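Participant: Encoded as structure tokens, here's the structure I'll be asking about.
All of the numbers you see were taken from the coordinates with simple rules; none came from a lab. Worth saying up front: this structure is predicted, and the values here are computed from it rather than measured. Cβ atoms come from the backbone with ideal geometry, glycine included; neighbour counts cover every protein chain shown.
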Amino acid sequence: MRALFDTSVLVAALVKSHPFHSRAFPWYLKCRRGELRMLVAAHGLAETYAALTAYPSRPRVSPGTAMTLVRESVVAVATVVALDAHDYVAAMAAVAGIGRGGGSIYDALHVVAAQKGGAEMLFSFNRKHFEPLLAPTQQFIDL
């Protein structure tokens, strides 16, 4: 089975002090053990780096530590799905089609990456952001 992990799940899995760590980390471990195939949208790598360095933990996650986490704990485990211009247009069409704008485009990029990568599931803590964008063949997993 293939599952796309959005940024909210990646950050929760990687930061022990995150309030959702206990919900995200077991799924991350399944991927490390090869029981589940993790997919990540390429832009999600940058989102994860940004979120890790901005996360209000004590001590804060330094840029160097965030880079190491992304490289060794995400890139080394996941299949990274890169999107092209046609994929970006498809994401914009999807959000425009449901009357959304603004940051909804970033959620749509995760959905398009999930579709492109053949993910059967999408993991997120933001059901209301993703559900209207999913294809009928995709299952949303609300951790």
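Participant: Report Rg/Rh for region 9-68, rounded to two decimals, where Rg is the Cα radius of gyration and Rh the Kirkwood radius.
Facilitator: That ratio equals 0.97.
Participant: Can you give me the three principal axis dimensions of the chain from its C-alpha atoms, in Å, biggest first?
Facilitator: Largest first, the chain extends 42, 32, 26 Å along its Cα principal axes.
Participant: Loop-only GluC sites (Glu not before Pro) in region 14-82, please: DSSP not H, G, I, E or B, and at most 13 other Cβ atoms within 10 Å.
Facilitator: Sparse-neighbourhood loop GluC sites (Glu not before Pro): 35.
Participant: Which loop-located trypsin sites (Lys or Arg not before Pro) does region 19-49 contain, where loop means any DSSP state but H, G, I, E or B and the Cβ has at most 11 other Cβ atoms within 10 Å?
Facilitator: 33
Participant: Then there's this: Would you please put 73-84, 111-122, 1-12 in order of how densely packed they are, using the mean number of other Cβ atoms within 10 angstrom per residue and starting with the highest?
Facilitator: 1-12, 111-122, 73-84
Participant: Right, here's the next one. Less than 16 Å from a label point 7 Å out along the Cα-to-Cβ axis of residue 32: which backbone N atoms in region 5-26 qualify, by residue?
Facilitator: Under 16 Å, as judged by backbone N against the label point of residue 32, lie 10-18, 21-26 of region 5-26.
Participant: Please check: in the Gaussian network model of the chain (C-alpha springs, under 10 Å), which one of 62, 124, 104 has the largest mean-square fluctuation.
Facilitator: 62
Participant: Another question, if that's okay. Taking Cα atoms, how many degrees apart are the long axis of helix 42-54 and the longest axis of the chain, rounded to 10 and kept between 0 and 90?
Facilitator: 40
Participant: Nearest 10 degrees is fine. How inclined is helix 85-97 to the longest principal axis of the chain, computing both from alpha carbons?
Facilitator: For helix 85-97, the angle is close to 70 degrees.
Participant: Then there's this: Tell me the angle of helix 21-32 to the major Cα principal axis of the chain, expressed in degrees between 0 and 90 and rounded to the nearest ten.
Facilitator: 80
Participant: Can you tell me which of 36, 45, 69 moves the most in a GNM of the chain? Springs connect C-alpha atoms under 10 Å apart.
Facilitator: Result for the chain, Cα springs under 10 Å: 36 fluctuates most.
Participant: Further question on the same structure: So for the pair residue 57, residue 127, with labels modelled 7 Å out along Cα→Cβ, what separation do we get in nm?
Facilitator: 2.7
Participant: Shifting gears a bit: Once fully extended, how much extra length lies between residue 2 and residue 93, figured as 0.36 nm per residue of separation less the alpha-carbon to alpha-carbon distance?
Facilitator: Length difference between fully extended and current span is 30.3 nm.
Participant: Here's a follow-up. Using only DSSP helix segments of four residues or longer, with each worth -39500 (n - 2.57), what per-residue ellipticity at 222 nm results for the chain after dividing by its residue count and rounding to 500?
Facilitator: The per-residue figure over the chain is -14500 deg cm²/dmol.
Participant: Write down Rg/Rh for region 75-137, rounded to two decimals, with Rg from the C-alpha atoms and Rh from the Kirkwood relation over Cα pairs.
Facilitator: 0.95
Participant: Quick one: dipole size for the chain, taken about the Cα centre, charges +1 on Lys/Arg Cβ and -1 on Asp/Glu Cβ, in debye to the nearest 20.
Facilitator: Roughly 480 debye, rounded to the nearest 20.
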